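Undergrad: Mind having a look at this structure? Questions to follow.
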Amino acid sequence: MDPCEPPFHERSRRFAADVDVLVVGAGVSGIYQLYRALEAGFSAQLLEAGGGVGGTWYWNRYPGARFDSESYTYAYLFSKELFEEWEWREHFAEQPETERYLNHVVDRFDLRRHIRFDAKVTSAVYDEPSGKWTVLVSDGTELRTQFLIAATGVLSVPYFPDVPGREDFRGEAYHTGLWPATPVDFGRKRVAVIGTGSSGVQLIPAIAGEVASLTVYQRTANWCTPLNNAPITPDEQAQLRGDFEAIRETLNTSAHGFLHVAHDRATFDDSKEERWAFFEKMWNSPGFSKLTSNYTDLMLDPAANAEFCEFVAEKVRGIVEDPETADKLIPKTHRFGEKRPPFVTSYYETYNHPNVSLVDLEQTPIVRMTERGIETADGVREFDIVVWATGFDFGTGALARMGIRGRDGLALEDHWADGPKTFLGVQTTDFPNFFFPGGPHAAAGNNPRYNGDQVDFITETLVYLRDHGYDTIEVDSAAEEKWTNMIDTAAAMPPSFGKISYYFGTNIPGKPRRYLLNSLGRPKLFKEIAKVRESDYKAFKLSRSASRDSRPRPATAAGAQ
Ligand code: NAP
């Protein structure tokens with residue numbers, strides 16, 4: 001760094017930006033980004049649309065909402081003291097505990113004074129001459145920032161299907177992703193739940209005991225397997241504390257960001273008897289280990305996958321007493337892991353309650369909502385409460401609704417009209433100084449781990465810019481194209497597991513069908529970040545904004561990839 005050059009945060013004050021770094025969204029990634037930016041010496045603020053911290057864990061407070069990653073693997077790892085002092089009650093914590101934890105983190109690290117709540121971003125416009133972003137907030141205020149970091153999440157815009165008459169229903173209506181802070185009274189009510197994704201199948205068993213009747217409207221059955229949750233015993237707590245360094249090392253380096261140990265055998269290495277015994281072990285294993293510790297070819301060989309599906313189907317038939325209901329609950333159109341599998345607690349058992357019934361929307365589709373209930377092809381059922389567990393506009397939903405305008409007023413939603421284009425899932429061309437950790441092309445595994453990698457990379461990048469006297473960073477279009485092609489190509493690789501998941505945007509009518517995650521996951525991200533470091537940020541255009549003395553970029557670091 002030029003010794004005469006004042007540090008970046010001082011220079012930015014000279015140019016009257018309110019902050020160096022403006023983070024949007026107080027979810028797990030946004031809180032971490034705020035912490036890292038402040039720790040690195042930048043001035044930073046965070047804007048949050050909700051009334052408290054938590055993001056997903058603020059809005060999704062429906063009964064039964066809980067982690068399906070192990071609590072201590074989902075938690076922050078940047079502070080040993082934090083890890084040691086917070087004792088998770090259960091291996092898979094319930095939403096209230098997670099919300100308490102995130103509030104604790106914010107207070108423990110004195111972040112709250114940097115956060116503005118009930119502050120929804122309504123537009124963010126890049127100003128070319130100054131290289132800064134002007135951000136308008138729902139409360140009418142305006143902010144200028146050098147770097148805009150949208151940590152707005154991939155599952156943050158609830159989706160309501162366009163069912164005719166949806167607004168006509170006169171009873172209470174809720175969406176799992178927009179759950180009210182005051183508890184909903186289900187007591188002796190006639191309740192309908194529409195949707196059987198991860199949210200629906202958590203909610204259904206949690207309320208079945210309270211309601212007068214529960215009618216589940218299922219369009220597609222899911223491969224649900226047991227979460228196998230349990231309280232964390234004092235001995236386990238002590239072991240977790242003792243193993244912190246090893247746990248951190250595994251979580252920071254493993255492909256999926258879990259502690260699960262991978263299996264070393266393929267399905268047909270074993271006899272049928274051995275396979276079934278192994279599947280039984282999987283059935284009784286915690287959460288995602290059914291994917292991460294299962295036979296190595298589970299997601300590669302359709303015959304192997306079909307074998308596991310048959311095992312799960314047998315389990316369903318064994319639990320659900322009514323054979324017709326059991327059959328409806330067994331997926332017919334997709335394999336295990338093709339859609340994000342839910343992990344459940346007593347879900348299938350719920351259908352043995354006399355007050356619970358299942359409507360198969362494949363056989364009797366919803367026709368419309370009425371003032372008093374739901375009309376399907378076989379008639380009308382009346383309800384006091386309808387819960388929409390119908391998912392989210394995944395990946396790009398929040399970013400496309402923030403009024404983000406890059407170079408020459410380019411709208412992000414137009415730039416991504418055919419699907420997102422990114423580099424490393426953190427930047428896109430024509431939107432300088434704009435980052436989106438935990439957005440599209442990210443999150444293939446235990447989300448906080450992967451999103452945290454992106455936050456770490458962004459923070460390291462900002463420090464690099466400051467140290468090298470740059471104000472502006474924009475990914476080169478060639479690097480973006482290469483990364484985006486990699487995503488599309490990897491997603492299309494055989495065996496084709498179909499394209500019927502929200503991973504491809506197929507749950508939203510009219511949305512482009514493009515893969516929204518990074519199926520090569522963390523190993524690919526780590527590799528590309530290492531290349532960025534080694535090449536001195538060759539994949540990016542670094543510059544000083546035009547309003548300042550221009551200093552050409554040193555030849556070694558210049559140019560496109
Ligand atoms: P989802 O997986 O997208 O499920 C939405 C459900 O609504 C599906 O069953 C879908 O049926 C149904 N649906 C959508 N439109 C419909 C329509 N017009 N008529 C009838 N049914 C309709 O959403 P989600 O359950 O909220 O879960 C989303 C993601 O959030 C999960 O995959 C997971 O990543 C995350 N999540 C995590 C946790 C956790 O960590 N513990 C808990 C909850 C959610 P189709 O399948 O036929 O489209």
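The values are calculated or read from the model by the stated rules, or taken from the named source; none is laboratory data. In this text, all values refer to a predicted model and were calculated from it rather than measured experimentally. Here the Cβ positions follow ideal geometry from the backbone for every residue, glycine too, while neighbour counts run over all protein chains shown. All accessible areas refer to the heavy atoms of the entire protein, side chains included, with ligands and DNA or RNA removed. Shrake-Rupley method; radii C 1.70, N 1.55, O 1.52, S 1.80 Å.
Undergrad: With the radius of gyration and the Kirkwood radius both derived from the Cα set of the chain, what is their ratio Rg to Rh? Mind showing how you got there, number by number?
TA: Working: Rg = 24.4 Å, Rh = 24.9 Å.
Expressed as Rg/Rh, it is 0.98.
Undergrad: What is the helix-to-structure angle for 477-492, meaning the angle in degrees between its Cα long axis and the longest Cα principal axis of the chain, kept from 0 to 90 and rounded to the nearest 10?
TA: Taking Cα atoms only, the helix is inclined about 10 degrees.
Undergrad: Nearest-5 percent of antiparallel DSSP beta bridges in the chain?
TA: Counting DSSP beta bridges with both partners in the chain, the antiparallel share is about 40 percent.
Undergrad: Ok, one more. If you filter segment 259-340 for GluC sites (Glu not before Pro), then keep DSSP loop positions with at most 14 other Cβ within 10 Å, what is left?
TA: Values: sites: 273, 274, 280, 307, 310, 314, 321, 324, 338; in loops: 321, 338.
Answer by residue number: 321.
Undergrad: Take the cross-link list 511/538; 80/531; 339/511; 315/511; 482/511 and give me the ones stretching past 27 Å between alpha-carbons. Write down the numbers at each step before the final one.
TA: On the way: 511/538 33 Å; 80/531 29 Å; 339/511 17 Å; 315/511 36 Å; 482/511 23 Å.
In this structure, 511/538; 80/531; 315/511 exceed 27 Å between Cα atoms.
Undergrad: What number do you get for segment 149-266 when its Cα radius of gyration is normalised by 2.2 N^0.38 Å, N = residues? Don't skip to the answer; put the middle values down first.
TA: Details: Rg = 20.1 Å, N = 118, 2.2 N^0.38 = 13.5 Å.
With N residues counted in segment 149-266, Rg over 2.2 N^0.38 Å equals 1.49.
Undergrad: Accessible area per residue for the chain in Å², computed with a 1.4 Å probe and the full protein assembly in place, what is it? Walk me through the numbers before you get to the answer.
TA: On the way: 22740 Å² over 561 residues.
Here the per-residue accessible area is 41 Å².
Undergrad: Is segment 165-215 best put as rounded, prolate or oblate by its Cα gyration tensor, with a ≥ b ≥ c the root eigenvalues, rounded for a/c under 1.5, and otherwise prolate when a/b is larger than b/c, oblate when not?
TA: rounded
Undergrad: Sticking with this structure for a sec: Before anything else, pin down the relative contact order of segment 405-444: Cα pairs under 8 Å, at least 6 apart, normalised by residue count, whole percent.
TA: Working: 37 pairs, mean separation 14.5, N = 40.
The value is 36 percent.
Undergrad: Taking Cα atoms, how many degrees apart are the long axis of helix 28-39 and the longest axis of the chain, rounded to 10 and kept between 0 and 90?
TA: Result, in degrees: 20.
Undergrad: Something else about it: Helix-derived [θ] at 222 nm for the chain: sum -39500 (n - 2.57) over DSSP H runs of at least 4, divide by residue count, nearest 500? Walk me through the numbers on the way to the answer.
TA: Values: 18 runs with 176 residues, N = 561.
My calculation for the chain gives -9000 deg cm²/dmol from helical runs alone.
Undergrad: Would segment 422-475 count as rounded, prolate or oblate if I go by the C-alpha gyration tensor, calling it rounded below 1.5 in a/c and otherwise prolate when a/b exceeds b/c, oblate otherwise? All intermediate terms of the calculation are to be shown ahead of the outcome.
TA: Working: a/c = 3.70, a/b = 1.58, b/c = 2.34.
It comes out oblate by the Cα gyration axes.
Undergrad: Would segment 80-207 count as rounded, prolate or oblate if I go by the C-alpha gyration tensor, calling it rounded below 1.5 in a/c and otherwise prolate when a/b exceeds b/c, oblate otherwise? Mind showing how you got there, number by number?
TA: Details: a/c = 2.59, a/b = 1.30, b/c = 1.98.
Taking the square roots of the gyration eigenvalues as a ≥ b ≥ c, segment 80-207 is oblate.
Undergrad: Roughly how many Å² of residue 501 are accessible to a 1.4 Å probe, to the nearest 10?
TA: 10 Å²
Undergrad: Among the lysines, select those whose C-alpha is under 29 Å from the C-alpha of residue 189, and discard any that sit fewer than 8 residues away in the same chain.
TA: Within reach: 328.
Undergrad: Rounded to the nearest 10 Å², what accessible area does residue 415 show when all protein chains are kept and the probe is 1.4 Å?
TA: 20 Å²
Undergrad: Something else: Report the relative contact order of segment 176-252, percent, no decimals, based on alpha-carbon pairs under 8 angstrom and at least 6 residues apart. Walk me through the numbers on the way to the answer.
TA: Values: 53 pairs, mean separation 21.3, N = 77.
Relative contact order comes out at 28 percent.
Undergrad: Let me ask something additional. What's the ranking of 130-142, 163-175 by average number of surrounding C-beta atoms within 10 Å, highest first? Show your work: numbers first, answer last.
TA: Numbers: 130-142: 17.6, 163-175: 15.2.
Answer by packing, highest mean first, reads 130-142, 163-175.
Undergrad: Something else now. For segment 289-329 and segment 126-196, what is the separation of their C-alpha centers, rounded to whole Å?
TA: Result: 34 Å between the Cα centres.
Undergrad: Report relative contact order for the chain in percent, whole number only (criteria: Cα-Cα under 8 Å, sequence separation at least 6).
TA: Numbers: 1108 pairs, mean separation 107.2, N = 561.
Taking the mean separation of contacting Cα pairs over the length of the chain, I get 19 percent.
Undergrad: For segment 46-119, which trypsin sites (Lys or Arg not before Pro) pass both filters: DSSP loop (anything but H, G, I, E, B) and at most 15 other C-beta atoms within 10 Å? Walk me through the intermediate numbers first.
TA: On the way: sites: 61, 66, 80, 89, 100, 108, 112, 113, 116; in loops: 61, 89.
Counting only loop positions with at most 15 other Cβ atoms within 10 Å, the trypsin sites (Lys or Arg not before Pro) in segment 46-119 are 89.
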